[in-house]
Amino acid sequence: MEYYLLVGGAYVILLLLVVFRFTPWPTLITFITLPLALRTSRIAATEIEPRLLQPVLRQTAKLHMQFGMLFVLGWAIALFL
């Protein structure tokens, strides 16, 4: 449950920031990472054995990096528009 809240919350908050014009619309490029977030969330929700949850840690780190890089790229694009 917490995993859904934390990962899903990042997308919801970003969407709200764009809607209320606190963040430029090109930052929505981060939604490209949504399939990875859904796949990782599904594993986290169904597995209970620690050994099987280890890939979730790596995938979450990858997701965090991709989301952050795309967010910065979105801001950079917005500066040049």
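Quick look at the numbers
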{"item": "Only Lys, Arg (+1) and Asp, Glu (-1) charged, at Cβ; the chain dipole about Cα centre in debye", "result": "140"}
{"item": "With Cα atoms, 0 to 90° folded angle of helix 50-80 axis to the chain main axis", "result": "0"}
{"item": "In range of the label at Phe80: residues from region 29-53 whose backbone nitrogen is under 18 Å from the point 7 Å along Cα→Cβ", "result": "29-30"}
{"item": "Solvent exposure of the chain as accessible area per residue, Å², 1.4 Å probe", "result": "73"}
{"item": "Candidates per trypsin sites (Lys or Arg not before Pro) in region 1-69, loop by DSSP, up to 11 other Cβ within 10 Å", "result": "Arg21"}
{"item": "Accessible area, probe 1.4 Å, largest first, for residues Met65, Met1", "result": "Met1, Met65"}
{"item": "Estimated inter-spin distance, Arg51 and Leu6, nm [label 7 Å along Cα→Cβ]", "result": "2.4"}
{"item": "Residues of region 32-48 with amide N under 14 Å of a point placed 7 Å along Cα→Cβ from Met69", "result": "32-33"}
{"item": "Helix axis angle, 2-19 relative to the chain longest principal axis, alpha carbon, degrees", "result": "10"}
{"item": "Residue-averaged [θ]222 nm for the chain, counting only DSSP H segments that reach four residues, each worth -39500 (n - 2.57)", "result": "-26500 deg cm²/dmol"}
{"item": "15 Å beta-carbon shell around Gln66, net charge (K/R +1, D/E -1)", "result": "+3"}
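The values are calculated or read from the model by the stated rules, or taken from the named source; none is laboratory data. Computed from a predicted model, the values in this text were never measured in an experiment. As a convention, Cβ positions derive from the backbone with ideal geometry for all residues, glycine included, and neighbour counts pool all protein chains shown. Heavy atoms of the whole protein, side chains included, go into the accessibility calculation; ligands, DNA and RNA do not. Shrake-Rupley method; radii C 1.70, N 1.55, O 1.52, S 1.80 Å.
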